[in-house]
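Take a look at the structure below.
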Amino acid sequence: MRPETQTEPLAALIGFEEHGPLVGILVGSESDREAMEPAFAELDQRGITHEFQVLSAHRDPRGVAEYASTAALRGVRVVICGAGMAAALPGVVASYTELPVIGVPLRSSKSVGDGMDALLSIVQMPPGVPVACVSIDGSRNAAILAARILAQGGAISPESS
Ligand code: RP5
């Protein structure tokens, strides 16, 4: 019988894998998935393992916190976050992890300024919590940048970067 003081494991750790994927890809909405396809393709082509989750910073802040605070433990080395509109997701993730976070501002039918709302939300992080930012809908570049970061840390061979 478990002692009463034992706490439940964080949901994000239940599927713990020692050699989990190197890149975590998050988006704020299912509607963002298609815009991230170039990132999946780029990472697949380079043989870089990755995982994908839909986690919204405003609809599921607890889920985002759990994911971000346990990602490094599961083997993730870079997190790519795609989000549109007031794109808080990359900044919130960066506040819970010391892993490098790359934000991808996404254009959506509800965007203001054709994606400029998300771009400014991601790129204008206050000092102390850095988020790298690629171009609007620039998920392929996010994947290439992730590969270069991984190569610097020796997580992948330079040929894959
Ligand atoms: C953001 O709001 C998402 O990242 C998405 O780009 C945008 C619209 O989301 P939905 O209303 O389509 O779910 O949170």
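Just so you know, in the range 112-153 the residues that are among the charged types (D, E, K, R) and not in a loop (DSSP other than H, G, I, E, B) include one that is farthest from the chain's Cα centre (by Cα), and it is Asp114.
Looking at the range 66-74, is at least one residue out of contact with any Leu (no Cβ under 9 Å at 6 or more places or on another chain), of a type outside the set (D, E, K, R) and open to solvent by 40 Å² or more (accessible area, probe 1.4 Å)?
To start, the set of residues in the range 66-74 that are out of contact with any Leu (no Cβ under 9 Å at 6 or more places or on another chain) comprises none.
The answer is no; no qualifying residue exists.
Contact map, the range 123-143: residues that are over 30 Å from Gln45 (Cα atoms) paired with residues that are among the hydrophobic types (A, V, I, L, M, F, W, C), Cβ distance under 6 Å, separation 6+ or inter-chain. Pairs shown: Met125/Val131; Val129/Ala94.
Scanning the range 61-91 for residues that are in contact with a strand residue (DSSP E or B) (Cβ under 8 Å, 6 or more places away or on another chain), of a type outside the set (Val, Ile, Thr) and farther than 22 Å from Gln124 by Cα turns up Tyr67, Ala71, Arg77.
Being among the aliphatic types (A, V, I, L, M), at pLDDT 95 or above and closer than 19 Å to Ala155 by Cβ is a property that holds for Val79.
Being open to solvent by 30 Å² or more (accessible area, probe 1.4 Å) and more than 16 Å from the ligand (Cβ to nearest atom) is the filter here; which residues of the range 41-54 pass it?
Taking the range 41-54 first, the residues open to solvent by 30 Å² or more (accessible area, probe 1.4 Å) are 41, 44-47, 49-54.
Correct list: Ala41, Asp44, Gln45, Arg46, Gly47, Thr49, His50, Glu51.
What single numbered condition from (1) over 15 Å from Glu37 (Cα atoms); (2) open to solvent by 30 Å² or more (accessible area, probe 1.4 Å); (3) at pLDDT 95 or above fails to hold for Gly154? It is condition (3) that Gly154 fails.
When the residues of the range 19-33 are narrowed to those that are at pLDDT 95 or above and closer than 13 Å to Ile48 by Cβ, which ends up farthest from the ligand (Cβ to nearest atom)?
Kept after step one, since they are at pLDDT 95 or above, are these residues of the range 19-33: 21-33.
Keeping just the survivors that are closer than 13 Å to Ile48 by Cβ gives 21-25.
Working: Pro21: 21, Leu22: 23, Val23: 18, Gly24: 16, Ile25: 13 Å.
Looking at the filtered set, the residue picked out is Leu22.
In the range 84-111, of all residues being open to solvent by 60 Å² or more (accessible area, probe 1.4 Å) and modelled with pLDDT of 95 or more, the one that is nearest to the ligand (Cβ to nearest atom) corresponds to Met85. Being within 13 Å of the ligand (Cβ to nearest atom) and under 16 Å from Arg33 (Cα atoms) holds for only one residue in Ser139, Ser121, and it is Ser139.
The values are calculated or read from the model by the stated rules, or taken from the named source; none is laboratory data. Keep in mind it's a predicted model, so treat the numbers as computed, not measured. Neighbour counts are summed over all protein chains in view; Cβ atoms, including those assigned to glycine, are modelled from backbone coordinates with ideal geometry. Remember, those area values only see protein heavy atoms, side chains included, never the ligands or the DNA or RNA. Shrake-Rupley method; radii C 1.70, N 1.55, O 1.52, S 1.80 Å.
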